[in-house]
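This report refers to the structure that appears directly beneath it.
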Amino acid sequence: MSIGDLQFGWPWLALIVGLPLLVRLALPQVRRDAGALRLPDADYFAPLSNDREPPPWLAIVPAVLFWLLLVVAAMRPQMLGDEVSAPATGRNLMLAVDLSGSMDVNDFTLRQQRVNRLLATKAVAGEFIDRRAGDRIGLILFGERAYLQVPLTFDRKTVQTLLFEAAVGLAGEKTAIGDAIGLAIKRLRAADNEEGKQVLVLLTDGANTAGRIDPLKAAELAAANDLRIYTIGIGAERMDIPSSLTGRIQRVNPSTDLDEQTLRSIAEMTGGTYFRATDTRTLEEIYQKLDELEPAASDEQGYRPVIDLYVWPLAGALAVLAIVVLAQTAKAFTSRQGAAH
């Protein structure tokens, strides 16, 4: 907090600062010996002295200070506190990323370098996660088995970090697509989401070769639980590989194991969409399209608490009044003591 964070709730009350002067000029002088109720004025604040007249400024300064402090207190001075983050409630978004052995194929390019499918996924999905302000995001990693790596959270940085730390083969060499969907259903069903917006983005480069749940049966269960699934089939359609025998370049399709029909059926059954990512550019376009299809509910909202400070100038005014009263009382007592002697 700084001086720039200071504000006034009722700044227009500054207009009354000259009110005592206007009253003094507009109203006739009241005879000092009249039986009227005297209000505190400069004469009241002037210290008593039987020896000599006090300097003019000494009589008026306490009165002016007292009035200014009252006016400042009436203007309701406030200090804005440090901003407090209040995450907005959006959709529950679960990411499921394939870590099977085939994700180690180097058929993608990132920053003009050949990289494997998982590294390209990390780079593009990491940026996607960073854009999902307002959503609760979870992360499932699957291979031969499916694991919940990050439960639903507003902490996007943690989701990014744990995605970046994932490695090929961490969950086994095979692919359990059905188990990944089943785990997502379980975790999203347990989540508290009044708006009912549940989304799963599943990325894989193969077919279901492991697990206990059939992918299409899992998709039926997802549809019954209002879970929309977007599936992404990743892998280049052709790749040049030098032959180990002849040394000649052979052109092959590294995505022959990709079960596009099942991925398309999963998406259609749940109201989602199937996407095909053959290179880094198309993968980026897919995640940008997901931003359009499932826009972030809202940015994280923040607010700055307001701290009222009127008690300080009010206490200052009362302190000035107390000091003057005590000074008057002390001088009056001293004067009586002197007169008695």
Boolean, Asp130 is open to solvent by 40 Å² or more (accessible area, probe 1.4 Å), closer than 21 Å to Arg91 by Cβ and in contact with a Gly (Cβ under 8 Å, 6 or more places away or on another chain)
no
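Does the stretch 146-158 contain any residue that is of a type in the set (Ser, Thr, Tyr), touching a residue at least 60 places away in the same chain (Cβ under 8 Å) and over 17 Å from Ala191 (Cβ atoms)?
The answer is no, given that none of the residues of the stretch 146-158 is of a type in the set (Ser, Thr, Tyr), touching a residue at least 60 places away in the same chain (Cβ under 8 Å) and over 17 Å from Ala191 (Cβ atoms).
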Which is farther than 27 Å from Glu285 by Cβ and over 23 Å from the mean Cα position of the chain (by Cα), of Gly143, Gly172?
Gly172
Check off (1) open to solvent by 40 Å² or more (accessible area, probe 1.4 Å); (2) touching an Asp or Glu at 6+ places or on another chain (Cβ under 8 Å); (3) assigned to a helix (DSSP H, G or I) for Gly178 and give me the number that stays unchecked.
(1)
Arg187, sole failed condition from (1) charged (D, E, K, R); (2) at pLDDT 95 or above; (3) under 25 Å from the mean Cα position of the chain (by Cα)
(2)
Just need a number here: residues in the stretch 207-252 that are of a type in the set (S, T, N, Q), modelled with pLDDT of 90 or more and assigned to a loop (DSSP other than H, G, I, E, B).
3
Need a quick list: strands (runs of 3 or more DSSP E) entirely within the stretch 1-103 having at least 1 residues that are out of contact with any Ser or Thr (no Cβ under 6 Å at 6 or more places or on another chain), open to solvent by 50 Å² or more (accessible area, probe 1.4 Å) and at pLDDT below 60.
84-86
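The values are calculated or read from the model by the stated rules, or taken from the named source; none is laboratory data. In this text the structure is predicted, and so the values were computed from the model without any measurement. Heads up, the Cβs are rebuilt from the backbone with ideal geometry, glycines too, and the neighbour counts pull from every protein chain shown. We work out accessible area using only protein heavy atoms, side chains counted, and drop any ligands, DNA or RNA first. Shrake-Rupley method; radii C 1.70, N 1.55, O 1.52, S 1.80 Å.
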